[in-house]
Amino acid sequence: MKNDNNIPYKTYLEEHEIPRQWYNVRADMPVKPAPLLNPGTGQPLTAEEMTPIFCEELVKQELDNDTPYIDIPEEVRDFYKMYRPSPLIRAYFLEEALDTPAKIYYKFEGSNTSGSHKLNSAIAQAYYAKKQGLKGVTTETGAGQWGTALSMACSYFDLDCKVYMVKVSYEQKPFRREVMRTYGASVVPSPSLETDIGKKINEEFPGTTGSLGCAISEAVEVAVKSGGEYKYELGSVLNQVLLHQSIIGMEAKAACDKLGVKPDIIIGCAGGGSNLGGLISPFMGEKLRGEADYDIVAVEPASCPSFTRGKFAYDFCDTGKICPLAKMYTLGSSFIPSANHAGGLRYHGMSPVLSQLYHDGYMRAVAVEQTSVFAAAELFARVEGTLPAPESSHAIRVAIDEALKCKETGEEKTILFGLTGTGYFDMVAYEKFNDGAMGDYIPSDEELEASLSQLPQIDA
């Protein structure tokens with residue numbers, strides 16, 4: 001077993017080294033992400049227009065393109081101490097299995113009950129809701145990681161939590177659903193018959209398995225109609241979420257610096273952008289400021305390929321078309337991914353921040369098929385001892401591919417990827433893969449054109 005310069009398997013920061021501030025990558029972007037637009041007027045959304053949906057402090061964070069560092073409240077930082085700092089791990093066993101000269105590291109975010117990185121933003125958003133005196137919050141969840149995280153955070157702050165869970169995940173992942181209920185959340189399969197939007201979607205798409213866009217519409221409707229008692233909270237896509245998740249990258253950067261390691265390639269799975277944006281933020285900041293260069297790779301499912309086959313345009317953030325318009329790489333808000341896709345990377349669009357960075361050439365994107373993703377997940381589980389979440393396994397797939405390229409060329413590149421969480425609630429998907437019942441679905445050009453043709457016509 002190789003062990004270069006006695007570099008440890010796991011590198012932990014000390015508790016006092018947990019970052020005291022989040023990093024706002026927008027402050028260093030030469031071209032800022034385009035503003036959210038009011039769907040009624042087509043004009044940039046104001047703080048006053050956002051407050052019926054979001055908590056006041058989160059609105060400020062959403063609109064702040066200029067402040068590079070924002071203080072983490074002490075109550076949030078105290079909660080972080082329950083599971084942070086998270087480890088940076090050298091994948092020696094994977095390197096040996098691949099017989100590669102590459103050095104592979106991963107930042108592991110699964111060491112909390114929610115099983116993923118989502119708790120980093122959930123606890124912050126729940127804190128601001130409690131501080132504002134709300135009764136509770138509404139949200140959506142795909143694979144269930146965000147819903148689990150927010151239910152935990154709401155339990156901690158004694159807030160009501162209403163979760164609209166994408167129907168296919170609700171049915172495939174009953175244990176994830178039950179964890180949410182254990183923490184006191186109410187969980188409803190989406191699209192439901194509880195909301196006007198849900199009823200409309202069920203009428204237009206009978207038998208639909210749902211999508212994040214559908215669930216978002218329902219959660220927003222309930223929040224807006226609550227008379228101010230509830231606000232809507234989102235687990236990905238928005239600027240505020242990427243801000244909170246920057247703690248992942250800041251810890252990873254600090255651990256790399258402690259080891260004297262500089263990654264050549266940084267890889268993250270990409271659905272809406274929370275994990276990828278959080279992991280790459282301080283590294284991207286260095287790249288934007290001209291202080292260092294990195295090959296940053298977004299990995300998305302071939303069944304929901306917003307970066308690689310979508311359009312960079314304004315689109316609705318939800319299927320029901322009641323949410324603001326965001327300029328992002330999108331497949332169209334009416335696009336509903338195949339139920340065959342086992343991971344939670346099922347959103348039709350991508351974070352406006354990441355979309356702008358991708359559009360401006362600061363990162364690249366790769367789409368991978370799910371059978372190859374689960375093959376990578378199985379190899380990783382067998383040699384590294386951790387069962388990865390399907391979402392995380394997209395990054396593992398490309399990390400392995402890059403390491404094998406190094407084997408061919410002899411290059412000793414250093415690869416860093418984000419292991420967003422564990423896959424212990426995803427055994428239905430693993431069962432399908434092990435039984436040979438899992439297939440690959442790639443939407444046709446005609447399918448994508450059908451949804452993209454419905455993009456709103458915005459001159460921007």
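The values are calculated or read from the model by the stated rules, or taken from the named source; none is laboratory data. Just so you know, these numbers come straight off a predicted model, no measurement behind them. Backbone-built Cβ (ideal geometry, glycine too); neighbour counts: all protein chains shown. What goes into the accessible areas is simple: the full protein's heavy atoms, side chains included, and nothing from ligands, DNA or RNA. Shrake-Rupley method; radii C 1.70, N 1.55, O 1.52, S 1.80 Å.
Expressed as a fraction of 2.2 N^0.38 Å, the rule-of-thumb size for a compact globular protein of N residues, what is the C-alpha radius of gyration of the chain?
0.90
Using the Cα gyration tensor of segment 105-233, with a ≥ b ≥ c the square roots of its eigenvalues, what is the shape: rounded (a/c below 1.5), prolate (a/b larger than b/c) or oblate (neither)?
Values: a/c = 2.09, a/b = 1.21, b/c = 1.73.
Since a/c reaches 1.5 but b/c is at least a/b, the shape of segment 105-233 is classed as oblate.
Mind checking the dipole of the chain: about its Cα centre, +1 per Lys or Arg Cβ, -1 per Asp or Glu Cβ, Debye to the nearest 20?
Dipole about the Cα centre, nearest 20: 520 debye.
When you count, for each residue, the other Cβ atoms within 10 Å and take the mean per peptide, how do 153-164, 92-103 rank with the highest first?
On the way: 153-164: 22.3, 92-103: 18.2.
Most protected by this proxy first, the peptides run 153-164, 92-103.
Would you work out which of ILE216, SER226, GLN245 lies farthest towards the positive end of the dipole of segment 201-261, given +1 charges on the beta-carbon of Lys and Arg and -1 on that of Asp and Glu, about the Cα centre?
Of the candidates, GLN245 comes out farthest on the positive side.
Per residue, how many Å² of accessible area does the chain show with a 1.4 Å probe?
Result: 36 Å² per residue.
For the pair GLU446/TYR12, report the inter-label distance in nm, with labels modelled 7 Å from Cα in the Cβ direction.
5.7
For SER155 and ASP401 in one chain, what is 0.36 nm times their gap in residues minus the Cα-Cα distance, to one decimal in nm?
In short, 84.5 nm is gained.
Can you list, by residue number, the Cys in the chain that have no neighbouring cysteine C-beta under 4.7 Å?
So, CYS55, CYS214, CYS256, CYS269, CYS304, CYS406.
Please state the charge dipole magnitude for segment 1-125, taken about the Cα centre, from unit charges on C-beta atoms (+1 on K and R, -1 on D and E), reported in debye and rounded to the nearest 20.
Working: 13 positive and 20 negative charges, 94 e Å.
Here segment 1-125 has a charge dipole of around 440 debye.
Could you work out how much longer the chain between THR51 and ASP293 gets when fully extended? Use 0.36 nm per residue separation minus the Cα distance between them, nm to one decimal.
Once the chain is fully extended between THR51 and ASP293, it gains 83.3 nm.
Please calculate the 1.4 Å probe accessible area of VAL31, with all protein chains present, and give it to the nearest 10 Å².
Roughly 70 Å² of VAL31 is accessible to a 1.4 Å probe.
Using only alpha carbon pairs under 8 Å that are at least six residues apart, calculate the relative contact order of segment 106-218 and give it in whole percent.
Result for segment 106-218 is 23 percent.
Would you mind calculating the relative contact order of the chain from Cα pairs under 8 angstrom and at least 6 residues apart, reporting the percent as a whole number?
Relative contact order, the chain: 19 percent.
So for each of 269-278, 424-433, 328-337, 346-355 I average, over its residues, the number of other beta carbons within 10 Å; can you give me the resulting order with the highest mean first? Display every interim value, and only then the final one.
Numbers: 269-278: 30.8, 424-433: 18.8, 328-337: 26.2, 346-355: 28.0.
For the peptides 269-278, 424-433, 328-337, 346-355, the packing ranking is 269-278, 346-355, 328-337, 424-433.
Counting DSSP beta bridges with both partners in the chain, what percentage is antiparallel, nearest 5? Before the final figure, lay out each step's value.
Working: 19 of 52 bridges.
Rounded to the nearest five, the antiparallel share is 35 percent.
Would you work out what percent of the accessible area of segment 280-322, with all protein chains in place, is carbon or sulfur (probe 1.4 Å)?
Carbon-and-sulfur percentage of accessible area, whole number: 45.
Order the following by accessible area, largest value first: ASP71, ASP64, ASP315, ASP440. Probe radius 1.4 Å; ligands, DNA and RNA are ignored.
ASP71, ASP440, ASP64, ASP315
What 222 nm value per residue comes from the helices of the chain, counting each DSSP H run with n ≥ 4 as -39,500 (n - 2.57) and dividing by all residues, nearest 500 deg cm²/dmol?
Roughly -12000 deg cm²/dmol at 222 nm, from the helical runs in the chain.
If r is the Cβ-Cβ distance from TYR69 to THR371 and R0 is 56 Å, what FRET efficiency results, to the nearest 0.05?
0.85
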